[in-house]
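Below: one structure, written as structure tokens.
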Amino acid sequence: MNDTNPMKSNEVKELVQEFAVAISINEINYAVMMCSPNDLDDFIVGFLFTEQVISHRYDIHDIDINIDRQQYTAIINVVVANRCLSELNENNRQANGSASCGICGVKALAQAMPTLMPLPLSTPPDSETLLAVKDDLTQWQTLAKDCGAMHAACLIKDGKIIACREDIGRHNALDKLIGYCINQQLKPSELTILVSSRCSVELVNKTIITKIPTLACLASPSELAVNRARQHNLNLIQVPKYDQPMIYS
């Protein structure tokens, strides 16, 4: 008798990992983020930079990461320069984030839509370059190959992908990539970011803060994201699955 159980032919090899990551700054609770436990050293640097808690890598004096894989938790304590802590206390900033929306828990609308300096005008990458890196993206998504359900943020330099970070949250993936840029001391004006997800306004804000001139996405951006990009001279481009790239700003 043949076994026709459909589940046996379509078994999941591995499930995506989701951890509760508690972040403390100088022993003061700051945020709890739901994210994947890979590349947490890059994540914390990028997260604090795009939160504008730090302005430079040297603002961080120490990072202590403790991961409990049985409890699906990670505790990160960051020691920052005293001036950063003073500004943080003055702004009364505390974040509680989820995997899907990084601005959850922000206490003031002004913090969700921060005042940012416009970028210098720049020329976006050509369509051929964007289509080529889109085709190369899959081979860089190593975690997605095993379990799926992972967003990717890729760094492009001289027309080629040079780094990729993955996470269950698209903003987390971008923070990890930005942290990589900062840790590697890369020059922002020479870089382009490609994200595998739709483009939210927060991804636009993070890219502007990092001073990277171009953000490309595989899915369409929101209207707010487009308006924000236009106001700040960010090249915002969608690279559809079949059509030519669409420049929104």
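Which residues, counting only those in segment 182-204, are surrounded by 24 or more Cβ atoms within 10 Å (Cβ to Cβ) and more than 14 Å from Val239 (Cβ to Cβ)?
Those that are surrounded by 24 or more Cβ atoms within 10 Å (Cβ to Cβ) and more than 14 Å from Val239 (Cβ to Cβ): Leu203, Val204.
Can we say Arg230 is within 18 Å of Glu166 (Cβ to Cβ), open to solvent by 30 Å² or more (accessible area, probe 1.4 Å) and charged (D, E, K, R)?
no
Cβ-Cβ under 8 Å, sequence separation 6+ or interchain: first residue in segment 227-249 and on the phi > 0 side of the Ramachandran plot, partner at pLDDT 95 or above. Which pairs?
Asn233/Pro118; Asn233/Leu119; Asn233/Pro120; Asn233/Leu121; Asn233/Ser122; Asn233/Pro213
Looking only at segment 152-167, count every residue that is open to solvent by 30 Å² or more (accessible area, probe 1.4 Å) and over 26 Å from Leu121 (Cβ atoms) and tell me the total.
Qualifying residue count, segment 152-167: 1.
List pairs: first in segment 136-155 and free of Cβ contacts under 8 Å to residues at least 12 places away in the same chain, second in a helix (DSSP H, G or I) and basic (Lys, Arg), Cβ under 9 Å, 6+ apart or cross-chain?
Hits for this filter: Thr138/Lys145; Gln139/Lys145.
For segment 205-226, give me the residue count where each residue is of a type outside the set (D, E, K, R) and within 16 Å of Leu48 (Cα to Cα).
Here the count works out to 5.
Would you please list the contacts, defined by Cβ atoms under 7 Å and residues six or more apart or on different chains, that run from a residue in segment 61-82 that is over 17 Å from Pro37 (Cβ atoms) to a residue that is of a type in the set (Val, Ile, Thr) and in a strand (DSSP E or B)?
His61/Val79; His61/Val80; Asp62/Val79; Val80/Ile25; Val80/Ile60
For Thr214, indicate whether it is modelled with pLDDT of 95 or more, among the hydroxyl-bearing types (Ser, Thr, Tyr), more than 21 Å from Val21 (Cβ to Cβ) and open to solvent by 10 Å² or more (accessible area, probe 1.4 Å).
No: the conditions fail for Thr214.
Name the residues in segment 49-105 that are over 27 Å from Gln17 (Cα atoms), open to solvent by 80 Å² or more (accessible area, probe 1.4 Å) and at pLDDT 90 or above, would you?
If the condition is that a residue be over 27 Å from Gln17 (Cα atoms), open to solvent by 80 Å² or more (accessible area, probe 1.4 Å) and at pLDDT 90 or above, then Gln52, His56, Arg57, Tyr58, His61, Asn82, Arg83 are the ones that fit.
The values are calculated or read from the model by the stated rules, or taken from the named source; none is laboratory data. These numbers come from a predicted model, not from an experiment. Please note: Cβ atoms are built from the backbone with ideal geometry, for glycine as well, and neighbour counts cover all protein chains shown. Note: areas computed on protein heavy atoms with side chains; ligands, DNA, RNA excluded. Shrake-Rupley method; radii C 1.70, N 1.55, O 1.52, S 1.80 Å.
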